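K.L.:
Below is the structure I would like to discuss, written out as structure tokens.
The values are calculated or read from the model by the stated rules, or taken from the named source; none is laboratory data. No experiment lies behind these values; they were computed from the predicted model shown. Methodologically, a virtual Cβ is constructed for each residue, glycine included, from the backbone with ideal geometry; neighbour enumeration extends over all protein chains shown. Only protein heavy atoms, including side chains, enter the accessible area calculation; ligands, DNA and RNA are left aside. Shrake-Rupley method; radii C 1.70, N 1.55, O 1.52, S 1.80 Å.
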Amino acid sequence: MEEVRETSAWVARNSSHVTIDSSELEKVVETMKESIPKVEWDYEGIHYFDNGPLTVQYLFVLDALNFCFWPDKDLNYDHLAKGLKEALLNDHSAFDADHLRKYTGPQLRELLKWPRSLPLEEERVRLLHEVGFELKRSFEGKASKLVESCGKSAVKLVALVTRHFPGFRDHSMYKGHQVFLYQRAQIFAADLWGAFKGQGYGEFNDIGSITMFADYIVPAVLQQLGVLEYSSTLENAIRASSEIGAGTEEEVELRACSIFSVEKMRELLSIKCGKQVLSVELDLWLWSVGVQCPSLQHHRTLSIYY
């Protein structure tokens, strides 16, 4: 995860379209230092949980598909989480590796009870096949075996996931430098930690190494808080709901500067009030603020990574 921090910091120092307002960041930290907001991982009760290996399988499938909802204005993360939960309650073999390797687009839609094509549907099906194939080949078909092999290290789990599953290799080239973001791989570790409350399959001795998860929502919340400032060109593109290309300078800066900002918030909270706050916790709070704000305008990028 040091690669994520270091390369995001490099982007923040060399950014052309997104800047970080340090004074506004400090003001946000001041408002939080007396009472750091806590958000329960499953605060809406939308996830499957049985405290065992099937939950791990569910979370891995969920995080393999957790990207790019915005092209369908009626679709969001809750639909995915609830749809997969219901599918598993109806059929405990729904996410067996052999089944994952065979799903078609219409079958995935039926699984989620979604009435029309999903955004990037072919990619979603491809990633399901990839997960099923590699779980079968390397982990006896079980995501729980993948987790067990990481030795209670979130960092090792992220490394294993990105090594074995190309669809989780979330990195970009930026001004001649490779930038590592690893959003969905880190979310998998964080989801396990949150679901199992740091015990069993969610016990990691280095959960503090996980960074925030650079998506659509958190950058928009940080901008609303005054922490991030956009160039007029980028601001206009977001207001016009124009698509911002994956891997462009603007898109990489939005994500990397968000990671850098949350890391700085975490550092300042530690310095100012002596409280050790996880980036995971800050991310969950910022994300929950964003999803409760329907008027929030976020950037639009077609990507399988978030």
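K.L.:
Taking the condition touching a residue at least 60 places away in the same chain (Cβ under 8 Å), within 30 Å of residue 85 (Cβ to Cβ) and of a type in the set (S, T, N, Q), does residue 172 pass?
P.N.:
So residue 172 does not fit the description; no.
K.L.:
Here's something else I'd like to know. From the list 119, 106, which one is of a type outside the set (A, V, I, L, M), surrounded by fewer than 19 Cβ atoms within 10 Å (Cβ to Cβ) and touching a residue at least 40 places away in the same chain (Cβ under 8 Å)?
P.N.:
119
K.L.:
Quick one: in the stretch 224-234, which of the residues that are assigned to a helix (DSSP H, G or I) and open to solvent by 40 Å² or more (accessible area, probe 1.4 Å) is nearest to residue 189 (Cα to Cα)?
P.N.:
Only one residue fits best here, namely 224.
K.L.:
Suppose the filter is out of contact with any helix residue (DSSP H, G or I) (no Cβ under 9 Å at 6 or more places or on another chain) and either at pLDDT 95 or above or not aliphatic (A, V, I, L, M) (or both); does residue 290 pass it?
P.N.:
Judged against the criteria, residue 290 is not a match.
K.L.:
Ok, one more. Residues being touching a Leu at 6+ places or on another chain (Cβ under 6 Å) and of a type in the set (Phe, Trp, Tyr): count how many of those fall in the stretch 198-239.
P.N.:
1
K.L.:
Those residues that are assigned to a helix (DSSP H, G or I) and of a type outside the set (Gly, Ala, Ser), I need them from the stretch 153-178; list them, please.
P.N.:
155, 156, 157, 158, 160, 161, 162, 163, 164, 166, 168
K.L.:
Given (1) open to solvent by 70 Å² or more (accessible area, probe 1.4 Å); (2) in a loop (DSSP other than H, G, I, E, B); (3) in contact (Cβ under 8 Å) with a residue 60 or more places away in the chain, where does residue 41 come up short, assuming only one miss?
P.N.:
(1)
K.L.:
Within the stretch 85-94, can one find any residue that is under 30 Å from residue 200 (Cβ atoms), at pLDDT below 95 and among the polar types (S, T, N, Q)?
P.N.:
no
K.L.:
Name the pairs: first residue in the stretch 175-198 and farther than 18 Å from residue 50 by Cβ, second residue open to solvent by 20 Å² or more (accessible area, probe 1.4 Å) and β-branched (Val, Ile, Thr), Cβ to Cβ under 6 Å, at least 6 apart or on different chains?
P.N.:
Filtered contacts from the stretch 175-198: 179/7; 180/7.
K.L.:
Please indicate, with yes or no, whether at least one residue in the stretch 182-205 is open to solvent by less than 50 Å² (accessible area, probe 1.4 Å) and touching a strand residue (DSSP E or B) at 6+ places or on another chain (Cβ under 6 Å).
P.N.:
No, because not a single residue in the stretch 182-205 is open to solvent by less than 50 Å² (accessible area, probe 1.4 Å) and touching a strand residue (DSSP E or B) at 6+ places or on another chain (Cβ under 6 Å).
K.L.:
Then there's this: What are the residues in the stretch 20-38 that are open to solvent by 70 Å² or more (accessible area, probe 1.4 Å), of a type in the set (Ser, Thr, Tyr) and modelled with pLDDT of 90 or more, if any?
P.N.:
22 - this is the single residue of the stretch 20-38 that is open to solvent by 70 Å² or more (accessible area, probe 1.4 Å), of a type in the set (Ser, Thr, Tyr) and modelled with pLDDT of 90 or more.
K.L.:
Would you point out the residue of the stretch 208-223, among those that are open to solvent by 10 Å² or more (accessible area, probe 1.4 Å) and assigned to a helix (DSSP H, G or I), that is nearest to residue 253 (Cα to Cα)?
P.N.:
223
K.L.:
In the stretch 48-70, what residues are open to solvent by 20 Å² or more (accessible area, probe 1.4 Å) and either in contact with a strand residue (DSSP E or B) (Cβ under 8 Å, 6 or more places away or on another chain) or under 15 Å from residue 95 (Cα atoms) (or both)?
P.N.:
Passing the criteria: 49, 50, 53, 54, 70.
K.L.:
Can you go through 42, 74 and tell me which one is within 19 Å of the chain's Cα centre (by Cα) and acidic (Asp, Glu)?
P.N.:
So the residue among 42, 74 that is within 19 Å of the chain's Cα centre (by Cα) and acidic (Asp, Glu) is 42.
K.L.:
Name the residue, out of 95, 133, that is over 20 Å from the mean Cα position of the chain (by Cα), open to solvent by 70 Å² or more (accessible area, probe 1.4 Å) and of a type in the set (Phe, Trp, Tyr).
P.N.:
Answer to the selection: 133.
K.L.:
Can you tell me which residue within the stretch 6-32, out of those that are out of contact with any Lys or Arg (no Cβ under 9 Å at 6 or more places or on another chain) and polar (S, T, N, Q), is farthest from residue 299 (Cα to Cα)?
P.N.:
Taking the candidates together, the pick is 31.
K.L.:
Let me ask you something else. Go through (1) in a helix (DSSP H, G or I); (2) of a type in the set (Phe, Trp, Tyr); (3) closer than 30 Å to residue 122 by Cβ and name the single condition residue 10 misses.
P.N.:
Checking residue 10 against (1) in a helix (DSSP H, G or I); (2) of a type in the set (Phe, Trp, Tyr); (3) closer than 30 Å to residue 122 by Cβ, the one that fails is (3).
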